[in-house]
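The values are calculated or read from the model by the stated rules, or taken from the named source; none is laboratory data. All figures in this text were calculated on a predicted structure; none of them were measured in a lab. Cβ placement follows ideal geometry from the backbone for every residue including glycine, while neighbour counts extend to all protein chains displayed.
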Amino acid sequence: MREHCRIALVGPPGSGKGTQSVFLGKLLEVPVLHIGELFRTNIRGRTPLGQRAYEYMNRGELVPDEVTLGMLESRLQGPDTRHGFILDGIPRNRNQAEAVDELLARNSEKIDAALNFEVERDESFRRLVGRRICKNDSSHVAHIMLRPPQKPGICDICGGPLYLRDDDSRKVIAMRWDVWKTQSESVVQKYGAERRLVTVSGIGTVSSVTERAMSALNAYFG
Ligand code: AMP
């Protein structure tokens, strides 16, 4: 692919952004900046930022832009991001999309491609309500129906405890979908209008979606 690779994952809740980001990050050899996970780390660490984010996340709402963008800006200062990165979960509204453009433009950088995974709402609910995440490592993900762990509640990979995210309840997932429809979908349209959008189906096995995404990105970058 290319030397610099700056990608934003922009699909709806439960489309597989987090799952795919782990594999794509390894294949593209760039770090993954997962905004939701940065918030959860702050919540666990009981930082002021975490306390601020918690109430919004638990309602399925977006954390205020100044908090989110401030956190992104400081993460982007990490030297590991110099040769590219994958943004997982940002931008999620038009203001964030414009702010990310401005932030990167200061170093003559830009989002090279926005990668959108398409899934239907029903499939997203099915994935999210059954999803269980390992407390030791958020990239270890099980599903009580689709990928049940050998021992209930225990991560197959590392033996850590599995948990259900507070915002993976039906009520909060519905709120997250409202946010997607009213605020985030227009971000996808913006990237489309700017010819920076790569859309793939998010349906199928994890590895088949990764392959699909990689070949779409290869075709896009040429
Ligand atoms: P995720 O881990 O990507 O599913 O995000 C979980 C939650 O974190 C979201 O529902 C929001 O409450 C919050 N969050 C994640 N990314 C953003 C963002 N770009 N802007 C505001 N809030 C965010």
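When residues of region 77-108 are filtered for being crowded, with 18+ Cβ neighbours inside 10 Å and either within 14 Å of the ligand (Cβ to nearest atom) or more than 19 Å from the chain's Cα centre (by Cα) (or both), how many remain?
Kept after step one, since they are crowded, with 18+ Cβ neighbours inside 10 Å, are these residues of region 77-108: 84-93, 96-97, 99-100.
Right, trim to either within 14 Å of the ligand (Cβ to nearest atom) or more than 19 Å from the chain's Cα centre (by Cα) (or both) and you get 86-93, 96-97, 99-100.
Number of matching residues: 12.
Residue-by-condition table, conditions (1) touching a residue at least 40 places away in the same chain (Cβ under 8 Å); (2) within 16 Å of the ligand (Cβ to nearest atom); (3) touching a Phe, Trp or Tyr at 6+ places or on another chain (Cβ under 6 Å); (4) over 17 Å from residue 96 (Cβ atoms):
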{"residue": "149", "(1), (2), (3), (4)": "no, no, no, yes"}
{"residue": "154", "(1), (2), (3), (4)": "no, no, no, yes"}
{"residue": "162", "(1), (2), (3), (4)": "no, no, no, yes"}
{"residue": "166", "(1), (2), (3), (4)": "yes, yes, no, yes"}
{"residue": "174", "(1), (2), (3), (4)": "yes, yes, no, yes"}
{"residue": "184", "(1), (2), (3), (4)": "yes, yes, no, no"}
{"residue": "188", "(1), (2), (3), (4)": "yes, yes, no, no"}
{"residue": "194", "(1), (2), (3), (4)": "no, no, no, no"}
{"residue": "199", "(1), (2), (3), (4)": "yes, no, no, yes"}
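Just name the residue that is nearest to the ligand (Cβ to nearest atom) out of those in region 44-69 that are on the phi < 0 side of the Ramachandran plot, crowded, with 17+ Cβ neighbours inside 10 Å and of a type in the set (Gly, Ala, Ser).
If we take residues in region 44-69 being on the phi < 0 side of the Ramachandran plot, crowded, with 17+ Cβ neighbours inside 10 Å and of a type in the set (Gly, Ala, Ser), then 53 is nearest to the ligand (Cβ to nearest atom).
From the list 208, 138, 124, which one is among the hydroxyl-bearing types (Ser, Thr, Tyr) and touching an Asp or Glu at 6+ places or on another chain (Cβ under 7 Å)? Lay out the reasoning, then the answer.
Details: 208 fails: touching an Asp or Glu at 6+ places or on another chain (Cβ under 7 Å); 124 fails: touching an Asp or Glu at 6+ places or on another chain (Cβ under 7 Å).
Matching residue, one of 208, 138, 124: 138.
Just to be sure before I move on: is residue 121 surrounded by fewer than 19 Cβ atoms within 10 Å (Cβ to Cβ), out of contact with any Cys (no Cβ under 9 Å at 6 or more places or on another chain), of a type in the set (Lys, Arg) and modelled with pLDDT of 95 or more in the structure I sent?
Values: surrounded by fewer than 19 Cβ atoms within 10 Å (Cβ to Cβ): yes; out of contact with any Cys (no Cβ under 9 Å at 6 or more places or on another chain): yes; of a type in the set (Lys, Arg): yes; modelled with pLDDT of 95 or more: yes.
Answer is yes for this residue.
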